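Remarks on the structure that follows.
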Amino acid sequence: AAIVIGAYACVSILLAECPFWLAVPVTALLLKPLFAVRMLLEEVASVERALREDLAGGRGRLSRIVSRDTTRLDAGEVRESALESLAENLSDSVVAPLFWFALLGLPGAAVYRFANTADAMWGYRGKWEWAGKFAARADDVLNLVPARLTALALSLVGRDRPGAHAIRRRCGRRDGPG
């Protein structure tokens, strides 16, 4: 983590000395790897394609993007789970890196992405559980504001705007710090 922070901090300092016309595209190029949404969109679409063929296939594709047991879900629950994963990852993969970039520049976005990736890699029982607990807590804290911004944005989309009610209904069921 320290190496990532240091590298992005040094680059940020160097970019501050560059002309604007050079600093903007270089910053964009350095920020791009801190987003991770394309693969998730493809995986969610593949759940829907598999579900059109058969329920077992949809469950199988869903199990690639969620950690819960998918074997007993009906078609509606498979779709709902895929969309929930997409919404959560919208925050993790787009909104949070942008939030931390806006607040603390490239080092902020890099720290966030490191904590989020470490939580995903080590946040399970086993050899790295001790590291996973720290990463999970850091990820929770760093996501407090971005997750709520994402929920607010999602509640505003759609024809009937049912998202606001659904988000209020689910807020009390979240296992995170808030």
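The values are calculated or read from the model by the stated rules, or taken from the named source; none is laboratory data. Just so it is clear, the model here is predicted, and its values are computed rather than measured. Here the Cβ is made from the backbone with ideal geometry for all residues, glycine too, and neighbour counts use every protein chain on show. SASA here: full protein model, heavy atoms, side chains in, ligands and nucleic acids out. Shrake-Rupley method; radii C 1.70, N 1.55, O 1.52, S 1.80 Å.
Would it be correct to say that LEU83 is under 18 Å from ARG38 (Cα atoms) and either of a type in the set (Asp, Glu) or open to solvent by less than 80 Å² (accessible area, probe 1.4 Å) (or both)? When the stated conditions are applied, LEU83 does not pass them. Of everything in segment 86-104 that is modelled with pLDDT of 90 or more and either in contact with an Asp or Glu (Cβ under 7 Å, 6 or more places away or on another chain) or among the small types (Gly, Ala, Ser) (or both), the residue that is surrounded by the most Cβ atoms within 10 Å (Cβ to Cβ) is ALA96. Pull up segment 33-67, narrow it to residues that are small (Gly, Ala, Ser) and within 19 Å of the chain's Cα centre (by Cα), then point me to the one that is farthest from VAL78 (Cα to Cα). Among those that are small (Gly, Ala, Ser) and within 19 Å of the chain's Cα centre (by Cα), it is ALA36.
Quick check on this structure: which one of PRO25, PRO33, PRO107 is open to solvent by 80 Å² or more (accessible area, probe 1.4 Å) and either modelled with pLDDT of 90 or more or not charged (D, E, K, R) (or both)? Answer to the check: PRO33.
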